[in-house]
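Just below is one structure, and these are the notes that go with it.
The values are calculated or read from the model by the stated rules, or taken from the named source; none is laboratory data. Because the structure is predicted, anything quoted here is derived from the model rather than measured. Here the Cβ positions follow ideal geometry from the backbone for every residue, glycine too, while neighbour counts run over all protein chains shown.
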């Protein structure tokens, strides 16, 4: 069985993406890792090269500014990396630059890939999600967070990145058939210094609404985590080893009284449907395979 990791990134230093930690978290079970690096102004290309990882295949790209609205450019860049993995690869492990896999989950992932490698019905593997917010001590629990997503797919030409690169589709816009596994993606997209968070959010918004006006002054200030918090809970687990140094270097404070979490009427209604009626209302960009395989 051969496995390739793949991802894309641009200006990871400017927006404080833990992309090195992200790559290192999956390298132990990958035979290669392809990363598409967009033209940067902050030294991201040099940062990735400095990893000195023989498994890395770097693809230098230029983002199409005409595809910014709706986040389409993110899927296009994902596909550029996907299309450069080796032809003899069985599985492709996709991970974004702010996602990290815990080392204790790698064996579960490898076992699932081995089990379903030759099964014709299985297109991919479905992961659980843990979204950190504000600091490394809190996880988001409101209904606006997606709970699952595909992160391992078969190496098939028919599979492509969908929408704004959150998930995948195949053929003519068909959802992938997937098997859920007991492994988490730790998402750190909402944990970074407040000034970097504001820069990241401003840039990310431009990927959906179009680029900022020419001549607009650089973004300054800090993101107000408390202003935007909804429902969070204390994280009582252990972060991946590759994140330990970054966590130790944290230089800002976000503390929140979880009893003050703002649980909206929408969240309460969804909670009622799930708890008492067994109805799950979260977004699904996939088809769960039912029954024994």
Just checking, how many residues over the stretch 63-89 are touching a residue at least 40 places away in the same chain (Cβ under 8 Å) and either within 13 Å of residue 11 (Cα to Cα) or in a helix (DSSP H, G or I) (or both)? 16
Quick one: is residue 60 at pLDDT 95 or above, part of a strand (DSSP E or B) and surrounded by fewer than 16 Cβ atoms within 10 Å (Cβ to Cβ)? yes
Among the helices (runs of 4 or more DSSP H) contained in the stretch 163-250, which hold 3 or more residues that are over 30 Å from residue 286 (Cβ atoms) and modelled with pLDDT under 95? 194-209, 225-228
Conditions (1) touching a strand residue (DSSP E or B) at 6+ places or on another chain (Cβ under 9 Å); (2) surrounded by fewer than 19 Cβ atoms within 10 Å (Cβ to Cβ): number failed by residue 71: (1)
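Give me a count of the residues in the stretch 1-49 that are assigned to a helix (DSSP H, G or I) and more than 23 Å from residue 103 (Cβ to Cβ).
The total comes to 4.
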